[in-house]
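> Please find one structure pasted underneath; my questions will follow.
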Amino acid sequence: MHSMVAHENLIVDGIPVSQFALRERTSESLPTIFLYHGWDSAKDNYVFEAEVLSLFGFRVIVTDAPLHGDRSVERNVQSDFWKVIIQSVEEFKSLLDYAHLTWGVNAKTSALVGSSMGGFTVAGIFANYPDVHCVVSINGSGAWEESEALFRRMDGRSPATDEELHLIRLFDPIRKIARLPRRPILLQHGASDSIVPIDGQRKFYKELLKNYVGNHTTLVEFQEVPRMNHYISIGMFEYVYKWVSEQL
(Lines give C-alpha, C1' and ligand atoms only; values in the text may rest on other atoms or scores of the structure.)
Protein backbone atom coordinates (compact mmCIF):
# COMPACT_ATOMS: atom_id res chain seq x y z
CA MET A 1 0.00 0.00 0.00
CA HIS A 2 1.39 3.40 -0.99
CA SER A 3 1.76 5.56 2.14
CA MET A 4 0.15 8.58 0.47
CA VAL A 5 -3.04 6.68 -0.40
CA ALA A 6 -5.83 5.88 2.05
CA HIS A 7 -7.50 2.53 1.36
CA GLU A 8 -10.83 1.60 2.92
CA ASN A 9 -12.71 -1.71 2.63
CA LEU A 10 -16.42 -1.74 3.37
CA ILE A 11 -19.74 -3.34 2.46
CA VAL A 12 -22.32 -1.22 0.65
CA ASP A 13 -25.77 -2.79 0.45
CA GLY A 14 -24.15 -6.24 0.30
CA ILE A 15 -21.48 -5.17 -2.21
CA PRO A 16 -17.82 -5.52 -1.12
CA VAL A 17 -16.13 -2.22 -1.96
CA SER A 18 -12.60 -0.81 -1.82
CA GLN A 19 -12.21 2.97 -1.85
CA PHE A 20 -8.92 4.77 -2.53
CA ALA A 21 -7.97 8.43 -2.27
CA LEU A 22 -5.00 10.56 -1.35
CA ARG A 23 -4.77 10.63 2.45
CA GLU A 24 -4.72 14.43 2.55
CA ARG A 25 -7.82 14.68 0.34
CA THR A 26 -10.11 11.92 1.62
CA SER A 27 -12.73 14.40 2.86
CA GLU A 28 -12.87 16.32 -0.44
CA SER A 29 -15.35 15.85 -3.25
CA LEU A 30 -12.98 14.40 -5.85
CA PRO A 31 -13.42 13.35 -9.48
CA THR A 32 -14.14 9.64 -9.20
CA ILE A 33 -13.36 6.50 -11.17
CA PHE A 34 -15.51 3.41 -10.72
CA LEU A 35 -13.27 0.50 -11.69
CA TYR A 36 -14.69 -2.89 -12.76
CA HIS A 37 -12.74 -6.14 -13.03
CA GLY A 38 -13.01 -9.11 -15.36
CA TRP A 39 -14.10 -12.74 -15.02
CA ASP A 40 -11.90 -14.76 -12.63
CA SER A 41 -10.59 -11.54 -11.09
CA ALA A 42 -11.57 -9.46 -8.04
CA LYS A 43 -11.23 -5.98 -6.58
CA ASP A 44 -8.11 -7.01 -4.62
CA ASN A 45 -6.30 -7.60 -7.92
CA TYR A 46 -6.74 -3.93 -8.85
CA VAL A 47 -4.99 -2.34 -5.88
CA PHE A 48 -2.01 -1.24 -7.97
CA GLU A 49 -4.14 0.42 -10.65
CA ALA A 50 -6.38 2.06 -8.03
CA GLU A 51 -3.40 3.44 -6.12
CA VAL A 52 -1.77 4.86 -9.24
CA LEU A 53 -4.99 6.60 -10.26
CA SER A 54 -5.46 7.91 -6.71
CA LEU A 55 -2.00 9.46 -6.75
CA PHE A 56 -3.17 11.64 -9.65
CA GLY A 57 -6.03 13.04 -7.58
CA PHE A 58 -8.91 10.68 -8.32
CA ARG A 59 -11.09 8.87 -5.85
CA VAL A 60 -11.20 5.26 -7.04
CA ILE A 61 -13.97 2.85 -6.12
CA VAL A 62 -13.57 -0.85 -6.93
CA THR A 63 -16.18 -3.52 -6.25
CA ASP A 64 -16.24 -7.29 -6.26
CA ALA A 65 -18.61 -8.41 -8.98
CA PRO A 66 -21.35 -10.85 -7.95
CA LEU A 67 -19.94 -14.38 -7.41
CA HIS A 68 -16.39 -12.94 -7.25
CA GLY A 69 -13.87 -11.90 -4.62
CA ASP A 70 -15.35 -11.62 -1.14
CA ARG A 71 -18.64 -13.01 -2.43
CA SER A 72 -17.04 -15.74 -4.51
CA VAL A 73 -18.89 -18.99 -5.08
CA GLU A 74 -18.64 -21.67 -7.73
CA ARG A 75 -19.59 -20.16 -11.06
CA ASN A 76 -19.78 -21.07 -14.73
CA VAL A 77 -18.89 -18.54 -17.40
CA GLN A 78 -21.47 -19.79 -19.90
CA SER A 79 -24.42 -19.77 -17.50
CA ASP A 80 -23.44 -16.92 -15.15
CA PHE A 81 -21.60 -14.34 -17.30
CA TRP A 82 -24.59 -12.18 -18.16
CA LYS A 83 -26.21 -12.63 -14.75
CA VAL A 84 -23.10 -11.18 -13.12
CA ILE A 85 -22.96 -8.24 -15.54
CA ILE A 86 -26.64 -7.36 -15.27
CA GLN A 87 -26.60 -7.58 -11.47
CA SER A 88 -23.57 -5.27 -11.44
CA VAL A 89 -25.48 -2.77 -13.59
CA GLU A 90 -28.46 -2.94 -11.24
CA GLU A 91 -26.25 -2.53 -8.16
CA PHE A 92 -24.66 0.68 -9.41
CA LYS A 93 -27.47 2.88 -8.08
CA SER A 94 -26.85 1.75 -4.49
CA LEU A 95 -23.12 2.22 -4.94
CA LEU A 96 -23.47 5.71 -6.44
CA ASP A 97 -25.99 6.81 -3.80
CA TYR A 98 -23.66 5.69 -1.01
CA ALA A 99 -20.63 7.31 -2.64
CA HIS A 100 -22.54 10.58 -2.99
CA LEU A 101 -23.68 10.64 0.64
CA THR A 102 -20.38 9.45 2.11
CA TRP A 103 -17.68 11.00 -0.09
CA GLY A 104 -19.54 13.66 -2.05
CA VAL A 105 -19.16 11.78 -5.31
CA ASN A 106 -21.05 13.37 -8.20
CA ALA A 107 -22.00 11.26 -11.24
CA LYS A 108 -21.31 14.25 -13.51
CA THR A 109 -17.64 14.22 -12.44
CA SER A 110 -17.30 10.43 -12.52
CA ALA A 111 -15.88 7.93 -15.00
CA LEU A 112 -16.50 4.23 -15.48
CA VAL A 113 -13.49 2.07 -16.37
CA GLY A 114 -13.71 -1.68 -16.89
CA SER A 115 -11.75 -4.45 -18.59
CA SER A 116 -12.98 -7.71 -20.11
CA MET A 117 -16.21 -8.59 -18.26
CA GLY A 118 -15.82 -5.20 -16.61
CA GLY A 119 -15.75 -3.64 -20.08
CA PHE A 120 -19.20 -5.10 -20.73
CA THR A 121 -20.37 -3.96 -17.30
CA VAL A 122 -19.31 -0.32 -17.65
CA ALA A 123 -20.96 -0.08 -21.06
CA GLY A 124 -24.18 -1.34 -19.48
CA ILE A 125 -23.97 1.11 -16.57
CA PHE A 126 -23.19 3.99 -18.93
CA ALA A 127 -26.22 3.17 -21.06
CA ASN A 128 -28.55 2.87 -18.08
CA TYR A 129 -27.32 5.78 -15.92
CA PRO A 130 -27.24 8.89 -18.15
CA ASP A 131 -25.69 11.21 -15.53
CA VAL A 132 -22.31 9.42 -15.46
CA HIS A 133 -19.93 11.61 -17.43
CA CYS A 134 -17.68 9.21 -19.37
CA VAL A 135 -16.73 5.56 -19.85
CA VAL A 136 -13.73 3.44 -20.84
CA SER A 137 -14.42 -0.11 -22.03
CA ILE A 138 -11.28 -2.22 -22.46
CA ASN A 139 -11.50 -5.61 -24.20
CA GLY A 140 -15.23 -5.62 -23.59
CA SER A 141 -18.29 -4.84 -25.69
CA GLY A 142 -21.26 -2.54 -25.86
CA ALA A 143 -23.01 -4.83 -28.34
CA TRP A 144 -24.12 -7.54 -25.95
CA GLU A 145 -26.38 -9.61 -28.16
CA GLU A 146 -23.77 -9.59 -30.92
CA SER A 147 -21.07 -10.69 -28.46
CA GLU A 148 -23.24 -13.49 -27.10
CA ALA A 149 -23.60 -14.81 -30.65
CA LEU A 150 -19.82 -14.59 -31.11
CA PHE A 151 -19.20 -16.44 -27.82
CA ARG A 152 -21.58 -19.21 -28.84
CA ARG A 153 -19.91 -19.67 -32.21
CA MET A 154 -16.49 -19.83 -30.53
CA ASP A 155 -17.75 -22.45 -28.06
CA GLY A 156 -19.64 -24.49 -30.66
CA ARG A 157 -22.97 -23.86 -28.92
CA SER A 158 -26.33 -23.43 -30.59
CA PRO A 159 -27.75 -19.89 -31.02
CA ALA A 160 -29.47 -18.37 -27.98
CA THR A 161 -33.25 -18.51 -27.77
CA ASP A 162 -35.41 -15.41 -27.39
CA GLU A 163 -35.95 -16.39 -23.76
CA GLU A 164 -32.21 -16.59 -23.14
CA LEU A 165 -31.71 -13.22 -24.85
CA HIS A 166 -34.50 -11.40 -23.01
CA LEU A 167 -32.40 -9.81 -20.25
CA ILE A 168 -29.45 -9.18 -22.53
CA ARG A 169 -31.70 -7.24 -24.90
CA LEU A 170 -33.29 -5.35 -22.00
CA PHE A 171 -29.93 -3.94 -20.86
CA ASP A 172 -27.93 -4.06 -24.12
CA PRO A 173 -26.15 -0.69 -24.55
CA ILE A 174 -26.37 -0.79 -28.34
CA ARG A 175 -30.17 -0.76 -28.10
CA LYS A 176 -30.09 2.43 -26.03
CA ILE A 177 -27.65 4.52 -28.08
CA ALA A 178 -30.29 6.67 -29.76
CA ARG A 179 -31.67 7.73 -26.37
CA LEU A 180 -28.30 8.33 -24.70
CA PRO A 181 -27.00 11.83 -23.96
CA ARG A 182 -23.83 12.38 -26.01
CA ARG A 183 -20.99 11.76 -23.54
CA PRO A 184 -17.30 10.83 -23.94
CA ILE A 185 -16.59 7.17 -24.72
CA LEU A 186 -13.20 5.45 -25.09
CA LEU A 187 -13.05 1.89 -26.43
CA GLN A 188 -9.79 -0.09 -26.38
CA HIS A 189 -9.42 -3.61 -27.68
CA GLY A 190 -6.65 -5.98 -28.65
CA ALA A 191 -6.96 -6.67 -32.36
CA SER A 192 -5.97 -10.32 -31.75
CA ASP A 193 -8.19 -10.89 -28.70
CA SER A 194 -8.92 -14.63 -28.52
CA ILE A 195 -11.21 -14.40 -25.45
CA VAL A 196 -13.59 -11.53 -26.24
CA PRO A 197 -13.86 -11.13 -30.03
CA ILE A 198 -13.23 -7.56 -31.14
CA ASP A 199 -16.12 -7.70 -33.63
CA GLY A 200 -18.64 -6.95 -30.87
CA GLN A 201 -16.83 -3.75 -29.97
CA ARG A 202 -16.45 -2.83 -33.63
CA LYS A 203 -20.21 -3.11 -34.11
CA PHE A 204 -20.83 -0.94 -31.05
CA TYR A 205 -18.42 1.70 -32.34
CA LYS A 206 -20.09 1.81 -35.76
CA GLU A 207 -23.50 2.31 -34.14
CA LEU A 208 -22.10 5.03 -31.89
CA LEU A 209 -20.80 6.94 -34.91
CA LYS A 210 -24.23 6.75 -36.55
CA ASN A 211 -25.80 8.39 -33.51
CA TYR A 212 -23.00 10.68 -32.37
CA VAL A 213 -23.35 12.68 -35.57
CA GLY A 214 -21.64 15.95 -36.42
CA ASN A 215 -19.31 17.37 -33.79
CA HIS A 216 -20.40 14.65 -31.37
CA THR A 217 -18.24 12.08 -33.19
CA THR A 218 -15.21 13.61 -31.47
CA LEU A 219 -16.58 12.27 -28.18
CA VAL A 220 -16.04 8.68 -29.33
CA GLU A 221 -12.63 7.06 -29.70
CA PHE A 222 -11.85 3.45 -30.60
CA GLN A 223 -8.30 2.12 -30.30
CA GLU A 224 -7.61 -1.24 -31.89
CA VAL A 225 -4.24 -2.36 -30.55
CA PRO A 226 -2.34 -4.35 -33.22
CA ARG A 227 -1.31 -7.93 -32.36
CA MET A 228 -2.62 -7.53 -28.80
CA ASN A 229 -4.47 -10.49 -27.27
CA HIS A 230 -6.73 -10.25 -24.19
CA TYR A 231 -4.38 -8.03 -22.17
CA ILE A 232 -3.87 -4.43 -21.11
CA SER A 233 -0.50 -2.92 -21.95
CA ILE A 234 1.20 -0.18 -19.93
CA GLY A 235 0.66 2.11 -22.89
CA MET A 236 -3.09 1.40 -22.88
CA PHE A 237 -3.30 2.08 -19.14
CA GLU A 238 -1.34 5.33 -19.50
CA TYR A 239 -3.66 6.48 -22.27
CA VAL A 240 -6.72 5.69 -20.12
CA TYR A 241 -5.35 7.89 -17.31
CA LYS A 242 -4.60 10.73 -19.76
CA TRP A 243 -8.01 10.45 -21.42
CA VAL A 244 -9.99 10.32 -18.17
CA SER A 245 -8.00 13.27 -16.78
CA GLU A 246 -8.96 15.33 -19.81
CA GLN A 247 -12.65 14.42 -19.45
CA LEU A 248 -12.94 15.07 -15.71
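The values are calculated or read from the model by the stated rules, or taken from the named source; none is laboratory data. The structure presented is a predicted model; accordingly, all values stated were derived computationally and were not measured. Note that each Cβ is placed from the backbone with ideal geometry, even for glycine, and that neighbours are counted across all protein chains shown. Just the protein is used for accessible areas: all its heavy atoms, side chains included, with ligands, DNA and RNA removed. Shrake-Rupley method; radii C 1.70, N 1.55, O 1.52, S 1.80 Å.
> What tally of residues in segment 22-72 results from selecting those that are hydrophobic (A, V, I, L, M, F, W, C), buried (at least 24 other Cβ atoms within 10 Å of the Cβ) and over 19 Å from Tyr239 (Cβ atoms)?
3
> Look at Ser245 and say whether it is among the small types (Gly, Ala, Ser), surrounded by fewer than 17 Cβ atoms within 10 Å (Cβ to Cβ), touching a residue at least 60 places away in the same chain (Cβ under 8 Å) and farther than 25 Å from Glu90 by Cα.
yes
> It is to be established whether one or more residues within segment 225-238 are open to solvent by 70 Å² or more (accessible area, probe 1.4 Å) and touching a Lys or Arg at 6+ places or on another chain (Cβ under 9 Å).
There is no residue in segment 225-238 that is open to solvent by 70 Å² or more (accessible area, probe 1.4 Å) and touching a Lys or Arg at 6+ places or on another chain (Cβ under 9 Å).
> Something else now. Residues in segment 189-200: is at least one under 23 Å from Val132 (Cβ atoms), at pLDDT 95 or above and either open to solvent by 50 Å² or more (accessible area, probe 1.4 Å) or among the aliphatic types (A, V, I, L, M) (or both)?
Checked against the condition, which is being under 23 Å from Val132 (Cβ atoms), at pLDDT 95 or above and either open to solvent by 50 Å² or more (accessible area, probe 1.4 Å) or among the aliphatic types (A, V, I, L, M) (or both), segment 189-200 yields at least one hit.
> Same structure again: Evaluate segment 170-186: report whether one residue or more is more than 30 Å from His100 (Cβ to Cβ) and either open to solvent by 10 Å² or more (accessible area, probe 1.4 Å) or at pLDDT 95 or above (or both).
No, segment 170-186 has no match at all.
> Hey, another quick one. Quick one: in segment 201-210, of everything that is surrounded by 15 or more Cβ atoms within 10 Å (Cβ to Cβ) and of a type outside the set (Lys, Arg), which residue is nearest to Arg152 (Cα to Cα)?
Among those that are surrounded by 15 or more Cβ atoms within 10 Å (Cβ to Cβ) and of a type outside the set (Lys, Arg), it is Gln201.
> Continuing with the same structure: Any residue at all in segment 206-219 that's in contact with a Gly (Cβ under 7 Å, 6 or more places away or on another chain) and closer than 22 Å to Arg182 by Cβ?
No, there is no match, as no residue in segment 206-219 is in contact with a Gly (Cβ under 7 Å, 6 or more places away or on another chain) and closer than 22 Å to Arg182 by Cβ.
> Go through (1) open to solvent by 60 Å² or more (accessible area, probe 1.4 Å); (2) within 17 Å of Arg183 (Cβ to Cβ); (3) of a type outside the set (A, V, I, L, M, F, W, C); (4) at pLDDT 95 or above and name the single condition Pro130 misses.
(4)
> Taking segment 9-21, which residues are open to solvent by less than 30 Å² (accessible area, probe 1.4 Å) and out of contact with any strand residue (DSSP E or B) (no Cβ under 6 Å at 6 or more places or on another chain)?
Once the filter is applied, which keeps residues that are open to solvent by less than 30 Å² (accessible area, probe 1.4 Å) and out of contact with any strand residue (DSSP E or B) (no Cβ under 6 Å at 6 or more places or on another chain), segment 9-21 yields Val12, Pro16.
> Still on this model: Tally time: how many residues in segment 89-106 are open to solvent by less than 10 Å² (accessible area, probe 1.4 Å) and either part of a helix (DSSP H, G or I) or not β-branched (Val, Ile, Thr) (or both)?
The qualifying residues number 4.
> Out of segment 132-186, which residues are part of a helix (DSSP H, G or I) and of a type in the set (Val, Ile, Thr)?
Correct list: Ile168, Ile174, Ile177.
> Let me ask something additional. Being surrounded by 16 or more Cβ atoms within 10 Å (Cβ to Cβ) and closer than 24 Å to Tyr231 by Cβ is the filter here, so list the residues in segment 76-88 that pass it.
Answer for segment 76-88, where residues must be surrounded by 16 or more Cβ atoms within 10 Å (Cβ to Cβ) and closer than 24 Å to Tyr231 by Cβ: Asp80, Phe81, Trp82, Val84, Ile85, Ser88.
> Something else now. Could you check Ala123 against (1) open to solvent by less than 60 Å² (accessible area, probe 1.4 Å); (2) of a type outside the set (Lys, Arg); (3) farther than 15 Å from Glu148 by Cβ; (4) part of a helix (DSSP H, G or I) and say which number it fails?
(3)
> Sticking with this one: Would segment 56-77 turn up any residue that is in a helix (DSSP H, G or I) and in contact (Cβ under 8 Å) with a residue 60 or more places away in the chain?
So far as segment 56-77 goes, no, none of its residues is in a helix (DSSP H, G or I) and in contact (Cβ under 8 Å) with a residue 60 or more places away in the chain.
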